[in-house]
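Everything on this sheet refers to the single structure shown next.
The values are calculated or read from the model by the stated rules, or taken from the named source; none is laboratory data. From a predicted model like this one, the values you see are computed outputs, not experimental measurements. As a convention, Cβ positions derive from the backbone with ideal geometry for all residues, glycine included, and neighbour counts pool all protein chains shown.
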Amino acid sequence: MIQDVYESEAFSATPALTPQQESDYLQAWLPLVRKVVRQLAPQCTCVMDRQDMEQTALMGLLDAIRRYGMPDEGFGGYAAQRIRGAILDELRSLDWRPRQLRQKYHQIKDLIRDARKTLGREPAWEELSQRGITAQEYLEYQQLEGAEALASLDELLSGESHVAHLEGRRLEEQIVTQDMLSHALQQLSEKEGLILSMYYQHEMNLKEIALVLGLTEARICQMNKKITQKIRDCLYPD
């Protein structure tokens, strides 16, 4: 698999490290690749199979090695971010969902929104099943919701969403942007901050986070969307 990554045209630039060094570091950091794939797999395998996800993750790791240079104690966090970003970027390029699944996703989303308006609260699964949503359809919907929420969060917290605005700016302005992100994170509730910590620092997937907090995966997805909106409102106020 590692050889396939080297043959990819996406990484044709001359590396700062020697090919042997890159190969050695790829081997050394394979456990991180597997950890990130395991973290994202529950939300992403409905769109991308695990083998393709691992291949994309390896390309993300190689990109991290080439951007970072000789790995040190800070490399792990940086590499995990690049690996997640590579997988989520690939999902975006696949438009997240095949056409038929995308149509079903919107239908279910409309049904859930209508149920929420009628009940004045988040509907339970039993109430949704009465509206003709099967267990498999609801599972796929949750997976896609989770993948989109994770993608939005990762984009905001990695700085990718406003990196274009930083290019060419003075150092002081970049510091201001980082301060804005810090301020945005301070606006989160204790539970919201805990979710981010479990996902980014402890590298837990949504199912594991839901079990720890005694909530459903659907509820965690909803909270992720709320977290994303809070951070976006702080970074990009009207």
Test result for ARG84, modelled with pLDDT of 85 or more, surrounded by 12 or more Cβ atoms within 10 Å (Cβ to Cβ), of a type in the set (D, E, K, R) and part of a helix (DSSP H, G or I):
yes
Looking across the stretch 119-134 at residues that are surrounded by 11 or more Cβ atoms within 10 Å (Cβ to Cβ) and part of a helix (DSSP H, G or I), the single one that is modelled with the highest pLDDT is LEU119
Any idea which residue in the stretch 18-29 is farthest from the chain's Cα centre (by Cα), counting only those that are within 15 Å of ASP63 (Cβ to Cβ) and of a type in the set (A, V, I, L, M, F, W, C)?
LEU26
Looking at (1) surrounded by 15 or more Cβ atoms within 10 Å (Cβ to Cβ); (2) at positive phi, can you tell me which one GLY69 breaks?
(1)
Has the stretch 167-177 got any residue that is over 23 Å from MET53 (Cβ atoms), touching a helix residue (DSSP H, G or I) at 6+ places or on another chain (Cβ under 6 Å), surrounded by fewer than 16 Cβ atoms within 10 Å (Cβ to Cβ) and modelled with pLDDT of 75 or more?
no
Quick one: which of LEU62, LEU40 is within 24 Å of ASN224 (Cα to Cα), buried (at least 18 other Cβ atoms within 10 Å of the Cβ) and at pLDDT 65 or above?
LEU40
Pull out all pairs, ordered by first then second residue, where Cβ-Cβ is under 8 Å, the residues are six or more apart or on different chains, the first lies in the stretch 111-128 and is assigned by TED's automatic domain parsing to the domain that holds TYR141 and without any contact (Cβ under 8 Å) to a residue 60 or more places away in the chain, and the second is surrounded by fewer than 13 Cβ atoms within 10 Å (Cβ to Cβ) and assigned to a loop (DSSP other than H, G, I, E, B).
none
Which pairs have Cβ atoms under 8 Å, sit 6 or more apart or on different chains, and link a residue in the stretch 85-109 that is over 17 Å from ASP49 (Cα atoms) to one that is at pLDDT below 80 and in a loop (DSSP other than H, G, I, E, B)?
ARG102/ASP95; ARG102/TRP96; TYR105/ARG97
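Select, from ALA64, ALA80, the only residue that is of a type in the set (Gly, Ala, Ser) and over 30 Å from TYR105 (Cα atoms).
Working: ALA80 fails: over 30 Å from TYR105 (Cα atoms).
Step by step, each of ALA64, ALA80 is checked, and only ALA64 is of a type in the set (Gly, Ala, Ser) and over 30 Å from TYR105 (Cα atoms).
Yes or no, residue by residue, for (1) at pLDDT 85 or above; (2) over 13 Å from GLU145 (Cα atoms):
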{"site": "GLN201", "(1), (2)": "no, yes"}
{"site": "LEU215", "(1), (2)": "yes, yes"}
{"site": "ALA218", "(1), (2)": "no, no"}
{"site": "ASP238", "(1), (2)": "no, yes"}
